[in-house]
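Only one structure is covered here, and it is reproduced in the block below.
The values are calculated or read from the model by the stated rules, or taken from the named source; none is laboratory data. Not measured: the values here are computed from a predicted model. Glycine gets a Cβ as well: all are built from the backbone with ideal geometry, and neighbour counts include every protein chain shown. Note: areas computed on protein heavy atoms with side chains; ligands, DNA, RNA excluded. Shrake-Rupley method; radii C 1.70, N 1.55, O 1.52, S 1.80 Å.
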Amino acid sequence: MRGAWFAFPLCIVCAGLALSQVRPDAVKPPDPKDLEADIRVAKAGGKYAELLAVLRVPDDLARYGAFHDFGRWSAAAYAGHENLPRGYWVYVHPNWFLWGKLAPKRPFGPEQATGAPDTAAGGRPAAAKVWPTAWTPEASGGDAWLELEYAGRVAPIAILVHGAGSLAGLAKITAPASEKEEVVLWQPAAPGGAPPDVLVIPVTTAMPVARLKLHVAPDASGTAIDAVGLLDRSGLTHWAVSATASNFAAAPRIPVQLGPQIVGGPFGGRAHAQEGLRRRYGGVGTGEAVELGLDWLARHQTQDEGFWDCDGFGNRCEGEACDGMGYPLYDPGVTGLALLAFLGAGHTQASEEYGPTVGAGLKYLRRIQDPEGCFGTQTGHFMYNHAIATLAMAEAYGMTRSPLLRPAVENALAFLYRAQNPHPSGQGKLAWRYTVTPGDNDTCVTGWVVMVLKSAKLSGLEVPEEALAGARAWLDVMTDPDTGRVGYVQKGVSPVRAPGREQKWPRSRSEAITAVGMLSRILLGEDPTKSEVIQRGTKLCLERLPTWNESDGSIDHYYWYAGTLALFQIGGREWTEWNQSMKDALVDHQRQDGCARGSWDPIGPWGEDGGRVYSTALLTLCLEVYFRYGKVFGTK
């Protein structure tokens, strides 16, 4: 957000506003009465409450239009002004309105259908047969309707109707063509049947719409609508900002127990499990560290193209530019890592907070996917880029089931299957390396691919057993059964270092590849409580706990990431010991100053390759481990 502006705190007093602490050099603020209509619009259909500040930025009209619901932003300073409150930013020309919190929604009310979906299938209380986080019409009979308004006019290619009960009662969807005329955009081909939880309705008309009206048939018992999105040609889904309805069901007299309220099946616990799991495992500081890490990443995403620029992210800095540039060759890979950090915290392209950030990143990956399915150019060690980008796309698809993402994920997986080396025996497959079937293999690239295959299976995509069997066979080749140490390209040998880095970052200070091997075995179905090589590898990792000590060369962010995922799966005393060391190393060394606030310095054997974006994304992912994945074997 750029432009001259002034800020003044606001307190709502009865019907008006009391203004105080106006900057002495600012232009005269608008009359509070003149703001009343804009404030109603800025509430985005009742989504926000507790107005904190108004910032006059008329120049932002060109960038954001007359209305823009930006979502949560936590900048403490902006254009020379200090101590800005964290909040939700909404632009209604010529002002930004900063809100303190999301407003509560009435159970079953029409406002429940605004915003992104927030009612998971797993959270449906079957006995009560009610879904208070979705609009539900009265059951007394008669036609019912739900009218939704969007922030601007959209020419959709599809309408996405997310149901929380039955959608069988949905009779038609219309849009106003004029003040007195409606156009029918959809009607069911035939009555009856059991529609899916999400209706994907292609739109053949090119008419832009800003409002939709959903009509429900009489006596349509159990109809409940969670959210309705307009999917545009760029892949962005627009969610309603306000809603009205003919009626809605009364709140139940018995309490309703809800499960995790996020779309996404196996990934669905991320957003709503965060606080409980952080309290159990994370403790003080981890939640704030994740929020600061995501904030830094969001601030340093390229403005128009949606990717994270390894060597150019400093162009997005406010004030003194951050240091720690990486190599531009790895832009697709670090973009995947950054997206994984947002996805790991429960943010998708449909989220109120960081939705535009995630959507822009996914759009970038789709744009750079070549006809063979590879993300980015096929030069150098490109399989790292492709595997990490595929992992991000697979998780995004698994969390949203977006029909636009599935073809990209399937093509990317097909490229991985073609890239897998054949087994030397001539039967089956083995593993992966830097390029397509080069003949040699390594555990690092293979470990990333195993994570991709696991996420693909969790997302409901088919993964050939031959690919999984090859990865298992490679791990057996690389693991020393006596020590549990896993090699990179040689059995039981410590991790490699780039030329010239061995002295500063000794291989003996890290068990990165052992951790990758342990994690891969667990994801491939090997029970850590019964596997001797996993138990021996765990012992090796506990002898090299995370320690932020540059002088002895023990810093290795990639090791800490793989070790954190593996030890979390193993659980028990071993996890407790690792977790404490990991938290101490990360929370205490996160930057708290200037534009770098929320990031981690790219110190370590691979820091100069990926740079500050790489380190910040990877370490944010470490602190999300408590809720990012469930336990494969239910360990404690």
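Worth a mention:
Conditions (1) open to solvent by less than 10 Å² (accessible area, probe 1.4 Å); (2) modelled with pLDDT of 95 or more; (3) outside any helix (DSSP H, G or I), marked per residue:
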residue	(1), (2), (3)
533	no, yes, no
536	no, yes, no
547	no, yes, yes
559	yes, yes, no
563	yes, yes, no
574	no, yes, no
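- Scanning the stretch 360-371 for residues that are part of a helix (DSSP H, G or I), touching a strand residue (DSSP E or B) at 6+ places or on another chain (Cβ under 8 Å) and either at positive phi or open to solvent by 10 Å² or more (accessible area, probe 1.4 Å) (or both) yields one hit, 368.
- Residue within the stretch 62-72 that is modelled with pLDDT of 80 or more, touching a strand residue (DSSP E or B) at 6+ places or on another chain (Cβ under 9 Å), open to solvent by 60 Å² or more (accessible area, probe 1.4 Å) and within 27 Å of residue 105 (Cα to Cα) present: yes
- Filter result (open to solvent by less than 30 Å² (accessible area, probe 1.4 Å) and either within 25 Å of the chain's Cα centre (by Cα) or closer than 11 Å to residue 89 by Cβ (or both)) within the stretch 43-53: 44, 47, 48, 49, 53
- Residue match in the stretch 145-161 (condition: within 22 Å of residue 406 (Cβ to Cβ), under 32 Å from the mean Cα position of the chain (by Cα) and modelled with pLDDT under 85): no
- The stretch 318-336 - residue that is loosely packed, with under 15 Cβ neighbours inside 10 Å and outside any helix (DSSP H, G or I) and, of those, modelled with the highest pLDDT: 323
- Annotation: residue 551 fulfils all but one of (1) open to solvent by 30 Å² or more (accessible area, probe 1.4 Å); (2) closer than 18 Å to residue 577 by Cβ; (3) of a type in the set (S, T, N, Q); (4) not in a helix (DSSP H, G or I); the unmet one is (2).
- Meets criteria (within 21 Å of the chain's Cα centre (by Cα) and of a type in the set (Asp, Glu)) for residue 353: yes
- Of the listed requirements (1) modelled with pLDDT under 85; (2) within 28 Å of residue 216 (Cβ to Cβ); (3) part of a helix (DSSP H, G or I), residue 112 misses just one: (1).
- Whichever residue in the stretch 195-213 is closer than 18 Å to residue 116 by Cβ, assigned to a strand (DSSP E or B) and out of contact with any Lys or Arg (no Cβ under 8 Å at 6 or more places or on another chain) and, among such residues, is most open to solvent (accessible area, probe 1.4 Å): 200
- Residue within the stretch 341-361 that is at pLDDT below 95 and among the charged types (D, E, K, R) present: yes
- Among the conditions (1) closer than 30 Å to residue 327 by Cβ; (2) open to solvent by less than 20 Å² (accessible area, probe 1.4 Å); (3) touching a residue at least 60 places away in the same chain (Cβ under 8 Å); (4) not small (Gly, Ala, Ser), residue 582 misses just one, which is (3).
- Screening residue 595 against (1) part of a helix (DSSP H, G or I); (2) free of Cβ contacts under 8 Å to residues at least 24 places away in the same chain leaves a single unmet condition, (2).
- Residue in the stretch 90-100 that is in contact with a strand residue (DSSP E or B) (Cβ under 7 Å, 6 or more places away or on another chain) and modelled with pLDDT under 80 present: no
- Within the stretch 424-469, the set of residues being assigned to a loop (DSSP other than H, G, I, E, B), open to solvent by 30 Å² or more (accessible area, probe 1.4 Å) and not hydroxyl-bearing (Ser, Thr, Tyr) comprises 424, 426, 427, 428, 433, 436, 438, 439, 440, 460, 462, 464.
- Boolean, residue 439 is touching a strand residue (DSSP E or B) at 6+ places or on another chain (Cβ under 6 Å) and closer than 25 Å to residue 515 by Cα: no
- Output for the stretch 372-419, where each listed residue is in a helix (DSSP H, G or I), within 21 Å of residue 330 (Cβ to Cβ) and not hydrophobic (A, V, I, L, M, F, W, C): 384, 385, 386, 390, 395
- Residue check, residue 508 at negative phi, hydroxyl-bearing (Ser, Thr, Tyr), in a loop (DSSP other than H, G, I, E, B) and surrounded by fewer than 24 Cβ atoms within 10 Å (Cβ to Cβ): no
- In the stretch 375-395, the residue that is farthest from residue 232 (Cα to Cα) out of those that are surrounded by 21 or more Cβ atoms within 10 Å (Cβ to Cβ) and hydroxyl-bearing (Ser, Thr, Tyr) is 384.
- Enumeration of residues in the stretch 396-423 that are out of contact with any Asp or Glu (no Cβ under 6 Å at 6 or more places or on another chain), hydrophobic (A, V, I, L, M, F, W, C) and surrounded by 15 or more Cβ atoms within 10 Å (Cβ to Cβ): 396, 399, 404, 405, 408, 409, 412, 413, 416, 419
- Here residue 32 meets each of (1) of a type outside the set (D, E, K, R); (2) surrounded by 15 or more Cβ atoms within 10 Å (Cβ to Cβ); (3) modelled with pLDDT under 60; (4) at positive phi with one exception, condition (4).
- So residue 505, is it within 22 Å of residue 434 (Cβ to Cβ), in contact (Cβ under 8 Å) with a residue 60 or more places away in the chain and of a type in the set (Phe, Trp, Tyr): yes
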